[in-house]
Amino acid sequence: MKKFMKWLGLAVAGLALLTAAPHVVRADTWSQPVATIGSSLTADQKSGTLSTLQNAAGGVNNASQLTVNGATLVKYLNPSGSTFTESSGVWSSALVQKTDNGGINVKIVPYNGTNNITTITADQYRNAALTAGISNANLYITSAVRIDGSGALAGVYAAFAQNGENLNNQQINAAQQEVNTLSSITQANKDKDGYSDKQLNNAVAGAKQQMASQSNNGQQTLSQNQIGNIVDSQLKQNNLTTIINNNQRQLIINLLVNVQKAGSLKNNDFKAQAGKLADSIQNSAKGLFDKLNKSLNTEENRNFLQKIWDGIVSFFNGIAQWIQSLIK
């Protein structure tokens, strides 16, 4: 009886601790979307930005507002190498809408008919969000003035923190390094025939999915050589082998090594989210990827037929040489 009373007391104490613990709001129970508004916007621009974002999100009218300023940039972007200060201006803004499924979706929304995000593409935002640990969310990005779009991404991270989900700092740093790398590669190749930012981001998303699979969702560490082989495979699948130079190839390998070191692969949903991202990128440019697949299949078939023909030629050359040796 004494033992029973002892266990009963422990159970009651445990229950009291549970009920006294503060309630943590999880990302999948957001009560409303969050609009992150750049602090440098004028009053009219702030109003226009909020209206633009909410209309893009299907007429949302209940978004909570979060101001993004220089301190936000310093907190989320400087650890990865940026040099913002607390007095830095912020114009680009975002609306974050958490969903139960559907992967990560990003739409860059024109402001008064003009796309003012000059550097970061929608697919780069999506890959960065995946690396940072975000899953199943609709992100709407806009700016009233021409700007690279970093403030909007910092705002996305801040929106998750406001809703009780503080993203891993190492993963955010890896995500920022990834954005910088992919942006620089796209800027360097944007005028080359046969290149698109979608091919590059599809290759990176595919590599992430492949890495998660080969590492058993981050339980095993892949070597740099293994990651290099995965990158080569994805570059080939996206017809980028002759466009991406050796230095750019190494930059992609390095960013994926950082993704692994940051622990992104260990997220339970990482592999599935990476797969959804790759599928979505391909569906958004179906004509492009259908053409690539057809081209790759044609090349593979040509190589296969060439090997057969080479074998036939080699066979008959061998017979001819044998006959010649008999005549001699």
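Couple of notes before you dig in:
- Across all Cα atoms of the stretch 65-136, the radius of gyration (one decimal) and Dmax (whole number) stand at 13.6, 38 Å.
- When peptides 56-63, 128-135 are ranked by their average number of other Cβ atoms within 10 Å per residue, the highest-first order is 128-135, 56-63.
- Take each peptide in 215-224, 141-150, count the other Cβ atoms within 10 Å of every residue, and average; sorted highest first, the result is 141-150, 215-224.
- Solvent-accessible heavy-atom area per residue, rounded to whole Å², over the stretch 207-278 at 1.4 Å: 48
- For peptides 259-270, 183-194, sequence by mean Cβ density within 10 Å, most packed first: 259-270, 183-194
- Carbon plus sulfur fraction of accessible area for the stretch 42-168, probe 1.4 Å, in percent: 42
- Accessible solvent surface per residue of the stretch 121-187, calculated while the other protein chains remain in place, 1.4 angstrom probe, Å²: 25
- Exceeding the 24 Å Cα-Cα cut-off - candidates K107/K266; K107/K190; K46/K198; K46/K98; K75/K190: K107/K266; K46/K198; K75/K190
- Apportionment of accessible area to carbon and sulfur, the stretch 180-288, percent (1.4 Å): 41
The values are calculated or read from the model by the stated rules, or taken from the named source; none is laboratory data. Note that the structure is a prediction, hence the values are computed from the model and not measured. So basically every Cβ, Gly included, is an ideal-geometry build from the backbone, and we count neighbours across all protein chains shown. Areas reflect the complete protein model, heavy atoms only, side chains present, ligands, DNA and RNA absent. Shrake-Rupley method; radii C 1.70, N 1.55, O 1.52, S 1.80 Å.
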